[in-house]
Amino acid sequence: MNCSIGADSLFHDNVLYRHIYNAIGEVMPSSLCWLDHIISGFLIILILVNGVLLGAALFVWLERRVLGRMQNRLGPNRWGPFGLLQPIADLVKLLTKEDLVPQGADRIAFLMVPIVVVFPLIAGLAVVPIARNTFLADLNIGVLYLVAITGLSTLGIFMAGWSSGNRYAMFGAMRGVAMLISYEIPTVLSLVGIVLLAGSMSLVDVVNAQQIPFIVVQPLGILVFMLGISAELNRTPFDIVEAESELVAGYHTEYSGIKFALVQMAEFGGVVAASAVASTLFMGGWSGPFLSGQLGALWFLMKLGFFVFLFIWIRATFPRLRIDQIMAFAWKFLFPMSLINIVATTLQVYWLRDETGALSRGDLGLMTAINIPLAIVTVAAFGTLVRDKVRPPMSTFGAGAWPSRTTMPAAGQGDGA
Amino acid sequence: MPIRTEPITINIGPQHPSTHGVFRLRVTFDGEMIVDVEPVFGYLHRGTEKLAEERNYTQIVTLTDRLDYVASMTNNQAYCLGVERLMGIEVPVRGQYLRVMAAELQRIASHLVATGFLLQDLGALGTPLMYCFRERERILDLFEMLCGARITVSYMRPGGVYYDAPEDFWPALSRFLDYMPSYLDELEQLLAENEIILVRVRGVGILPIDRLIACSASGPILRASGLAWDWRKADPYDVYDGLEFDVPVGTNGDNLDRFWVRMQEMRQSLRIVRQCVEQIPGGPVRAELPLVLRPPKGAEAYGRVESPKGELGFYLVSDGGISPYRCKIRSPSLLNLTIIKDLLIGWKLADMIVNLGSIDINMGEVDR
């Protein structure tokens, strides 16, 4: 072995990287160890990109199948077992399509959009640990990095809408910018509680800190995060950016062929990425009730599947809100809830932590006992408050008080209107 | 400093996911608000009225199927009533009952489609639409038993209906009648208890009753605004005289009321069908008539029904030949569409789609 990573190396903890590096190091002369680092780095990127692409393709299939089931139909079932190869067939079809750029489009911006929207999705997943010591990068500012990277998707949507030279697309983009910026604030604030509890921004540390999954310690946090991320991903009930029945396809109306495939992949892959982040931050990532070390990836995938299913379920069930209602929901409901969550978590951490700043399992249990009732009370209170604000005041009857039936005048008395 | 803005005009349709056919709207927006609407239609014009002048009285029945293609039965009925009045034909009672049953089943099917698409327009990605279509499918199966066709039925003829119902139709119908109320409960619950749907439809798209009357609107949208006006009560045709049913009316005239009125009408239709099943007598289903009908020269008649969308009328003028001299169709969708400026201007883009869906237009009928 010419090049290898020793126990003292910076990369020792990263099992994936170490194995790849050592495997290449077998045949690499020791003078070229720097080249080994570069090759391993690129291999890691290759795994990441292909993993994301495959995950997005699988998700497209899953979404169509599950939606089909929920809507009382079959979904794709022709190509491959259970229609599993359907995404590939779709991709081949889209690859053979003519690559159109509309006449009125801003060409450079238009062509850059697929890259701009796909990049944050792939880059964001780099910090998510897949199993124990198996991650592509362990940033000590992991949560901050995620927030920063996903914020870029707003740029892609705005570029697409503006450069297409299509008014539907511009409507979608304008709605998108207003909505995404509003929802980014509660979504980011909902993660502050996690950081406070874990005492670190690194996603690896967050997983290790979850003696009790944060989903029960931070019920308000997961609620705000899921609602906010649904909006960030343009999924129902917040899909006003695309709004099929209103704006045809929203910001990507003019995209066709492989560019359309990439934009769609960013959308669907975004759900996978969001589920991966949610399962890492709130469900303990790769840690499971038993055999966390050996079956880490399996636990991770199961949790990811749970969140993915949740997203599909929401999509199949809810109608869309109007833009003013969506904005009201963000600022009047999610924003105060995330602030309450931060204040409560801060106080709890301040009183309960020991000298080293760590929280024991008992501390987390106590927090759970406080936070769950707090979440119920807060949601009930703010829900009632917002409902009264959003509901139009002219409503005179509710579901229980329909107007009474009246009968027509007898035949012959009608005067012909 | 005020920001200078300018209105933006968007062409919605004729190819658009939610214009309910080939309908085109040129809409001027100020931000998300609609400031002007200009409807453009005629994309589905097939010259039905002119074609009718070239066909004999029985053949025209097949043309009427294609007017409002989600409610063919009531189209047949309106036309046949017109011909019968033109010639003074007496329809056998069993035929009349079968007609009323078919028309009421068709009303349920049409209202299911309207409700399903209303929810689709609200953004509920297909799920409620598929649920509504599943139930509509049961009704279409019943139609298939009656006449072999599902959509373009051509079941009714001047003088009655074409066939008597087959033996296995009656148990199938009673199974449907037993099942349907629970489904309607489910659908109503799905809507009336979903907060998102309520905030989207309640108080949105309010139509004042005087505007509706001025636009000679009819059907559920008129009743949703508070006027209990139904041709089945006001001028009973076939056997509606002897049947008991209520006319549901709304109070606000908003989208929720229009939905609610349709829900209640489906229940009333079930009630009518049930009564028909109990009361239907035996006997012939069609009057003895010559193969080719020749109304007297100069005769004029107007046959109208309360179709699922409103008052559907056929005005027929005879010149003594085998084809009508003139066949004027009074289509409810077209006249209900004249309210469009009151309905859309001042609302947001998202509301516009829902408002348009709530008046339930059918382009086959608008353009004819």
Next on the checklist: Of everything in region B:219-274, what is over 23 Å from residue B:338 (Cα atoms), among the aliphatic types (A, V, I, L, M) and not in a helix (DSSP H, G or I)? Give them in sequence order.
Outcome noted: B:239, B:243, B:247
Checklist entry - Out of the residues in region A:32-57 that are surrounded by fewer than 16 Cβ atoms within 10 Å (Cβ to Cβ) and in contact with a Leu (Cβ under 9 Å, 6 or more places away or on another chain), which is nearest to the other protein chains (Cβ to nearest Cβ)? => result A:51
Checklist entry - Being farther than 30 Å from residue A:369 by Cβ and either among the small types (Gly, Ala, Ser) or modelled with pLDDT under 80 (or both), is that true of even one residue in region A:196-219? => result no
Item to check | Condition met for residue A:230 (hydroxyl-bearing (Ser, Thr, Tyr), within 14 Å of chain B (Cβ to nearest Cβ), in a helix (DSSP H, G or I) and at negative phi) | outcome: yes
Next on the checklist: So residue B:285 ticks every box in (1) closer than 23 Å to residue B:107 by Cα; (2) without any contact (Cβ under 8 Å) to a residue 24 or more places away in the chain but one. Which box is left unticked?
Outcome noted: (2)
Item to check | Residue in region B:235-245 that is at the interface with chain A (Cβ under 7 Å from one of its Cβ atoms), free of Cβ contacts under 8 Å to residues at least 12 places away in the same chain and either within 27 Å of residue B:335 (Cα to Cα) or not acidic (Asp, Glu) (or both) present | outcome: yes
Checklist entry - Here are B:317, B:354: which of them is modelled with pLDDT of 85 or more and part of a strand (DSSP E or B)? => result B:317
Checklist entry - Is one or more of the residues making up region A:111-131 surrounded by fewer than 19 Cβ atoms within 10 Å (Cβ to Cβ), more than 20 Å from the chain's Cα centre (by Cα) and assigned to a helix (DSSP H, G or I)? => result yes
Item to check | Among residues of region B:192-218, those that are assigned to a helix (DSSP H, G or I) and either closer than 21 Å to residue B:34 by Cα or more than 9 Å from chain A (Cβ to nearest Cβ) (or both), counted | outcome: 8
Item to check | Contacts under 6 angstrom Cβ, first residue in region B:247-261 being more than 8 Å from chain A (Cβ to nearest Cβ) and at negative phi, partner outside any loop (DSSP other than H, G, I, E, B) and charged (D, E, K, R), 6 or more apart | outcome: B:261/B:223
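The values are calculated or read from the model by the stated rules, or taken from the named source; none is laboratory data. Keep in mind it's a predicted model, so treat the numbers as computed, not measured. Note that each Cβ is placed from the backbone with ideal geometry, even for glycine, and that neighbours are counted across all protein chains shown.
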